[in-house]
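Some notes on the structure that comes next.
The values are calculated or read from the model by the stated rules, or taken from the named source; none is laboratory data. Everything numeric in this text was worked out from a predicted model, so none of it was measured. Please note: Cβ atoms are built from the backbone with ideal geometry, for glycine as well, and neighbour counts cover all protein chains shown. Accessible surface areas use protein heavy atoms only, side chains included; no ligands, DNA or RNA. Shrake-Rupley method; radii C 1.70, N 1.55, O 1.52, S 1.80 Å.
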Amino acid sequence: MTRRFVSDKWRPNLGMIVFAVLAVVAALPFTAAVLLEFDENQFQGRYGAAPEILGVLAVAAVTLLVGLVFLRTITRPIAELRRRMSAIGNGDRDAIAPMAQAGTVEIADLAEGVLTMAASLSSRSDYVSTLAAHVSHEFKSPLTSIRGAVELLKDSGATMSEAERARFLDNIEADADRLTALVRRLREFAMAETPGTGGVAALEAVIRAIPDATPNLRIEHHLDPDLKIRMGRESALIVFSHLVDNAAQHGAAVVTITAANEDGTVRIVVADDGAGISPHNRDKLFDAFFTTRRDSGGTGMGLNVVQSMLRAHAGSIRLLESEGGAAFEIRVPAG
């Protein structure tokens, strides 16, 4: 395992340290017995001290050594980790950094797990803050438009022509539809962030259940009826409905879906014959609220929801190179 916050160098585990300490402590009585067997005068003349004094010094030295070992391998790393957690709890992002000393294997694993979790939560917090800012911006525009139209209708509706009144009402309806789409996407995003545990879906049944995105779009697939993916049916339907809808919005007439089980992972390719993805938009394709169809009602959340949903189920999605249209590769665990 490659560590982010502690080094991969060799370090003793707690059992080794305890065993070594117990071995030294167990050896002390035997050492003392050997020392006492010597003739005291002869021993003192040779070593300049009585055996009892040397025994006391030996015990003191061993005690000091044991204390230093525990301080360096257990007490100090735990104290540092405790200080880090306190600092992170107070909002100090700089505390999410590699440990200067991780001590034993157990403490190194604990520090790695705790700091990795802290980094993940910090990243998640940044993402939620960014998402909230985007959502506020996306809701503000149609709400402002609706409020303006309503105020004009209240103030001047009686003097407006039928055509003018109809135009304002159409604008209100279009903005309301956009708000409805945003709310639906946010609900799907919430489902992706908190997926239900378990769930297996037959891929062919999911594809057959995709609602018609447009009367002019045809879905072609030749899937094994027994091929299953480890994802609930509703979640899988959201993923593939978004991809088909995305193809329809880009002028596709045919969407082709192929799939195969590759060593426990189902590889699915969803390809269409639409306008494709321009090179300068490829890197931003899965960003939240990025869309080239804002004027026609696009929310920019569809592919971000797809990516989040797949990640929540240990899957992935990427854009493939294609001569025409767009092609996405999905990988998800087999059911």
Need pairs with beta-carbon distance below 6 Å; first residue under 15 Å from Leu115 (Cβ atoms) and within region 62-91, second modelled with pLDDT under 80 and part of a helix (DSSP H, G or I); sequence gap 6+ or separate chains. Pro77/Ile107
Name the residues in region 217-232 that are more than 25 Å from Ala312 (Cα to Cα) and of a type in the set (Asp, Glu), would you? Glu220
Kindly indicate the residue of region 208-256 that is basic (Lys, Arg) and either under 14 Å from Gly274 (Cα atoms) or touching a residue at least 40 places away in the same chain (Cβ under 8 Å) (or both) and also least open to solvent (accessible area, probe 1.4 Å) among those meeting that condition. Lys228
Leading residue by the ranking (least open to solvent (accessible area, probe 1.4 Å)) among those in region 257-285 that are modelled with pLDDT under 85 and within 13 Å of Gly325 (Cβ to Cβ): Gly276
Residue among Ile107, Ile96 that is modelled with pLDDT of 75 or more and touching a Pro at 6+ places or on another chain (Cβ under 6 Å): Ile107
